[in-house]
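Values in this text are rule-based calculations from the coordinates and carry no lab data. For clarity, every value in this text was computed on a predicted model and none was experimentally measured. Cβ sites come from the backbone with ideal geometry, for glycine too, and all protein chains shown count toward neighbours.
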Ligand code: FPP
């Protein structure tokens, strides 16, 4: 049992690029989807740890606009696991004060999954212990282009930065303070491109299915020592 020692200067919003599920499975001689299955367990563990630490917002990059390039088997597997996760954890989300939100173009997802997400978002909309935001069929470029097209459709000629941000999927969510990408890869991969302007980054080598509270605390300690300047002077 880890001691709940307080960590100072916690981020308000953490973005997580969960990488390494496939490698984790291959390392164990298992099919890739077993890595995603363990990956979902890591998501659930991370939510519990973040509630304990009192972090308010977390975004998990669960399915990118580029993930459609994977095999049908793998994509169906990810959808099935997501479906199962939502069904089995619905009561937990409702009763533990977890609010579910999503970003990305859900309309391309299977209808029943869309319905499950809509219903869970509705049932948890007044929760405020933690906001769990799932990026699903999400890509930063896709989000920006959709925003631009919506601005054009609205007939506006110009918008301010603040106004532009209201056209993004993240209207009710602050920019991520801290972005963690597991598995040692140091890439952004189309995640929250507009919102990450002043995010701090951290790239631990642990594969996502192995990520636990100890890794999270270590990451948060690293963040707590960062001097954020937002372009200003020290
Ligand atoms: C990256 O590992 C992981 C993904 C592309 C998908 C992860 C999705 C989930 C765990 C489902 C999330 C669902 C909910 C409800 C949060 P990779 O396959 O790219 O790993 P590799 O680089 O080792 O191949």
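Data table
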{"read-out": "Residue match in region 140-148 (condition: within 13 Å of the ligand (Cβ to nearest atom) and either surrounded by 15 or more Cβ atoms within 10 Å (Cβ to Cβ) or within 19 Å of residue 194 (Cβ to Cβ) (or both))", "value": "no"}
{"read-out": "From the options 117, 86, 113, residue that is outside any loop (DSSP other than H, G, I, E, B), surrounded by fewer than 17 Cβ atoms within 10 Å (Cβ to Cβ) and in contact with a helix residue (DSSP H, G or I) (Cβ under 7 Å, 6 or more places away or on another chain)", "value": "113"}
{"read-out": "Residues (within 16 Å of residue 77 (Cβ to Cβ) and part of a helix (DSSP H, G or I)) located in region 27-41", "value": "32, 33, 34, 35, 36, 37, 38, 39, 40, 41"}
{"read-out": "Residue count for region 18-50, restricted to those that are more than 8 Å from the ligand (Cβ to nearest atom) and surrounded by 22 or more Cβ atoms within 10 Å (Cβ to Cβ)", "value": "2"}
{"read-out": "Selection within region 168-183 - part of a loop (DSSP other than H, G, I, E, B) and in contact (Cβ under 8 Å) with a residue 24 or more places away in the chain", "value": "168, 169, 170, 172, 173, 174, 175, 176, 177, 182, 183"}
{"read-out": "Search result, residues across region 206-234 that are under 18 Å from residue 18 (Cα atoms) and assigned to a loop (DSSP other than H, G, I, E, B)", "value": "206, 207, 211, 212"}
{"read-out": "Residue within region 3-11 that is within 12 Å of the ligand (Cβ to nearest atom) and within 26 Å of residue 92 (Cβ to Cβ) present", "value": "no"}
{"read-out": "Filtered residues of region 59-83 (kept if part of a helix (DSSP H, G or I), under 30 Å from residue 199 (Cα atoms) and more than 8 Å from the ligand (Cβ to nearest atom))", "value": "68, 69, 75, 79"}
{"read-out": "Close pairs from region 76-88: first touching a residue at least 12 places away in the same chain (Cβ under 8 Å), partner assigned to a helix (DSSP H, G or I) and near the ligand (Cβ under 9 Å from one of its atoms), Cβ under 7 Å, at least 6 apart", "value": "77/36; 78/36; 81/36; 81/37; 81/40; 85/40"}
{"read-out": "For residue 192: the one exception among (1) out of contact with any helix residue (DSSP H, G or I) (no Cβ under 9 Å at 6 or more places or on another chain); (2) outside any strand (DSSP E or B); (3) within 25 Å of residue 216 (Cβ to Cβ)", "value": "(1)"}
{"read-out": "Neighbours by Cβ (under 7 Å, 6+ apart or cross-chain): first from region 55-68, touching a residue at least 12 places away in the same chain (Cβ under 8 Å) and within 13 Å of residue 16 (Cα to Cα); second within 11 Å of the ligand (Cβ to nearest atom) and part of a loop (DSSP other than H, G, I, E, B)", "value": "60/18; 61/18; 64/189"}
{"read-out": "When residues of region 121-167 are limited to those that are assigned to a loop (DSSP other than H, G, I, E, B) and in contact (Cβ under 8 Å) with a residue 60 or more places away in the chain, the one nearest to the chain's Cα centre (by Cα)", "value": "139"}
{"read-out": "Some residue of region 51-58 being within 8 Å of the ligand (Cβ to nearest atom) and either more than 29 Å from residue 110 (Cα to Cα) or surrounded by fewer than 19 Cβ atoms within 10 Å (Cβ to Cβ) (or both)", "value": "no"}
